[in-house]
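Step one of this worksheet: look at the structure below.
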Amino acid sequence: MERERINIHKLVLKPGDIWENEWFLLTAGDLEKNDYNAMTVAWGSLGTMWSTPFAQVVVRPSRHTYGFMNTYDTFTLSHFPKKHQKALSYLGSVSGRDVPDKLAVAGLTPQPVPGVQAPAYREADLVIACKKIYWQDMDETHFLQDWIRGKYPPEGDYHRIYFGKIEHCESAW
């Protein structure tokens with residue numbers, strides 16, 4: 001898909017809809033080293049922190065992508081046209097531990113992104129490339145509403161929160 005670089009301050013989204021209903025593909029790792037993994041994400045945010053445009057994503061320790069997020073300094077968020085929803089559903093339910101070529105099975109083509117090691121995908125219509133600037137583990141004692149615990153299994157597996165400074169943004173919109 002043909003995308004153009006855009007200023008992140010000019011990006012217009014429906015944040016609740018794009019995260020919860022359309023999803024992003026989070027990818028961490030290094031394309032040149034052929035060492036990366038991707039997972040579908042429906043929880044996150046975009047905004048400004050410390051006077052810097054950022055993307056915030058969360059990854060559970062049980063996910064294969066967690067190790068890549070901790071090892072590498074960059075990650076990408078890729079959004080796809082509706083015709084790729086089945087591929088995103090597959091990528092959110094199959095682990096790269098079990099199916100190392102899951103991106104090929106899903107029919108997505110990794111490609112480099114300026115300024116980061118993590119790849120994005122030729123088929124994406126929006127790419128947000130980030131460099132990690134902060135992380136923190138969720139602490140269940142800080143949940144102020146009981147219903148939040150219901151989003152987790154009994155053993156916890158609480159997310160690690162990552163903030164990434166947006167280094168590059170491309171859109172086909």
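The values are calculated or read from the model by the stated rules, or taken from the named source; none is laboratory data. Note that the structure is predicted; figures quoted are calculated from it, not measured. Cβ sites come from the backbone with ideal geometry, for glycine too, and all protein chains shown count toward neighbours.
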Q | Where Leu103 falls short, out of the listed (1) loosely packed, with under 12 Cβ neighbours inside 10 Å; (2) not in a strand (DSSP E or B) | A | (1)
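Listed here are the residues, each with its yes/no results for (1) modelled with pLDDT of 95 or more; (2) over 15 Å from Ile128 (Cβ atoms); (3) of a type in the set (Phe, Trp, Tyr).
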{"site": "Ala28", "(1), (2), (3)": "yes, no, no"}
{"site": "Asn37", "(1), (2), (3)": "yes, yes, no"}
{"site": "Val41", "(1), (2), (3)": "yes, no, no"}
{"site": "Ser45", "(1), (2), (3)": "yes, no, no"}
{"site": "Phe75", "(1), (2), (3)": "yes, no, yes"}
Q | Top-ranked residue in the stretch 109-162 [being of a type in the set (S, T, N, Q) and farther than 24 Å from Phe54 by Cα; ranked as surrounded by the most Cβ atoms within 10 Å (Cβ to Cβ)] | A | Thr109
Q.
Among the residues of the stretch 20-32, are any outside any strand (DSSP E or B) and without any contact (Cβ under 8 Å) to a residue 24 or more places away in the chain?
A. yes
Q: Just need a number here: residues in the stretch 134-167 that are touching a residue at least 24 places away in the same chain (Cβ under 8 Å), of a type outside the set (S, T, N, Q) and under 17 Å from Gln56 (Cβ atoms).
A: 14
(Q) Here is a list: Gln85, Gln111, Gln117. Which entry is out of contact with any helix residue (DSSP H, G or I) (no Cβ under 9 Å at 6 or more places or on another chain), under 14 Å from Leu25 (Cβ atoms) and either modelled with pLDDT under 95 or of a type outside the set (A, V, I, L, M, F, W, C) (or both)? (A) Gln111
Q: Just one of (1) under 19 Å from Asp30 (Cα atoms); (2) at pLDDT 95 or above; (3) not in a strand (DSSP E or B) trips up Gly96, so point out which.
A: (2)
Q: Hey, can you tell me all the residues within the stretch 106-121 that are under 19 Å from Glu170 (Cβ atoms) and either in a loop (DSSP other than H, G, I, E, B) or of a type in the set (Val, Ile, Thr) (or both)?
A: Leu108, Thr109, Val113, Pro114, Gly115, Val116
Q) Within the stretch 70-93, which residues are within 19 Å of Ile161 (Cβ to Cβ) and in a strand (DSSP E or B)? A) Thr74, Phe75, Thr76, Leu77
Q | Checking Val57 against (1) β-branched (Val, Ile, Thr); (2) free of Cβ contacts under 8 Å to residues at least 60 places away in the same chain; (3) assigned to a strand (DSSP E or B); (4) within 21 Å of Met138 (Cα to Cα), the condition it does not meet | A | (2)
Q) Does Trp23 satisfy being within 19 Å of Ile166 (Cβ to Cβ), out of contact with any Ser or Thr (no Cβ under 8 Å at 6 or more places or on another chain) and not hydroxyl-bearing (Ser, Thr, Tyr)? A) no
